[in-house]
1. Please provide three numbers in whole Å: the alpha-carbon extents of the chain along the principal axes, with the largest listed first.
2. Check cross-link reach from Lys116 to the lysines: straight Cα distance under 16 Å, and skip same-chain residues fewer than eight apart.
3. Taking 0.36 nm per residue of sequence separation and subtracting the Cα-Cα distance, how much length would be gained by fully extending the chain between Glu247 and Arg261, in nm to one decimal?
4. Which three lengths, in whole Å and largest first, does segment 163-202 cover when its Cα atoms are put on their principal axes?
5. Using only DSSP helix segments of four residues or longer, with each worth -39500 (n - 2.57), what per-residue ellipticity at 222 nm results for the chain after dividing by its residue count and rounding to 500?
6. Using a 10 Å cut-off on Cβ atoms, rank the peptides 54-64, 163-173, 261-271, 18-28 from the highest mean neighbour count down.
7. In whole angstrom, how far apart do the alpha carbon centroids of segment 158-215 and segment 25-98 sit?
8. Can you give me the three principal axis dimensions of segment 20-81 from its C-alpha atoms, in Å, biggest first?
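Derivation of every value follows stated rules applied to the coordinates shown; laboratory data play no part. Every value quoted in this text rests on a predicted model; they were computed, and no experiment measured them. All Cβ positions, glycine included, derive from the backbone under ideal geometry; neighbour counts span all protein chains shown.
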Amino acid sequence: LLDVALPPGFSRNRYVYLSYAESDGKRSGTAVGRGRLSDDGRALEDFRVLFRQAPKLSTGVHYGARLVFDGRGYLYISLGENYQRMAAQDLDKLQGKIVRLREDGSVPPDNPYAGKPGARAEIWSYGHRNPQGLALHPRTGQLWESEHGPRGGDEVNLVKRGANYGWPLATYGIDYSGRPIPEARGGEAPGTEQPLYWWKQSPAISGMAFYDADRFPAWRNSLFLGALADRDLIRLTLDGDKVVAEERLLGERSSRIRDVRQGPDGYVYVLTDASPGELLRVAPAQPGE
């Protein structure tokens with residue numbers, strides 16, 4: 001199980017969406033389905049699969065699988081490249097992509113590659129490595145994404161329609177062996193988008209969320225990201241679409257931070273992926289901030 005999300009119409013339709021890894025016995029990929037929450041709140045009824053990543057290429061890694069609803073009837077899904085680097089550049093595959101669907105799983109006819117030979121109509125953007133963060137900016141409605149680099153080169157990106165985010169042709173990271181990525185042409189490559197922000201040493205960023213609540217004014221205009229390798233919560237201070245400061249909030253913990261959300265009460269909630277897992281409620285250290 002990789003993500004759980006409620007659509008804007010949940011109070012009316014009681015749908016719950018799940019993303020998860022699905023195997024065919026040899027390889028695996030990301031799938032997304034939805035079910036209706038039962039009247040007693042104890043089960044999902046009439047669950048059905050709406051989307052499957054194809055072809056299945058993963059041996060157990062790089063699923064991505066964050067879910068975001070834009071409030072206009074569309075669902076965005078982030079998909080890892082399954083550790084098959086060049087698949088992120090292949091438009092006939094759904095690895096290393098962000099896809100856009102209608103909430104019922106159908107493909108919008110105005111997607112950038114709909115109707116183009118040799119391309120999957122679901123694709124919204126491509127050239128992603130392993131995007132584990134996806135969120136809408138609360139003021140602009142712009143879709144933002146964060147993804148793991150290899151050894152270095154973790155990124156935050158503004159997702160644009162039909163754009164290529166470069167992996168593995170453009171990266172600021174190196175291979176885990178310490179050698180360059182074989183396909184990489186450096187930090188930039190023709191026809192690819194530059195990240196909004198990136199790290200030379202990978203914190204292994206995971207889930208992310210914007211903060212737009214009134215409870216803690218000093219945190220407004222912030223983007224929070226979990227860190228798996230660094231075991232911390234990262235706060236990026238924003239000025240429009242620019243990152244102007246970075247802060248680490250929790251110190252090195254014994255658990256990796258898997259996801260982060262703004263709660264309806266204005267606190268920040270953090271999920272660890274330890275065993276047993278923890279749900280943490282986070283507030284500024286200084287009263288009044």
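1. 57, 52, 37
2. Lys93
3. Result for the pair: 3.3 nm of gain on full extension.
4. 29, 21, 11
5. 0 deg cm²/dmol
6. 163-173, 54-64, 261-271, 18-28
7. 20
8. Taking max minus min along each principal axis of the Cα atoms, segment 20-81 gives 38, 29, 15 Å.
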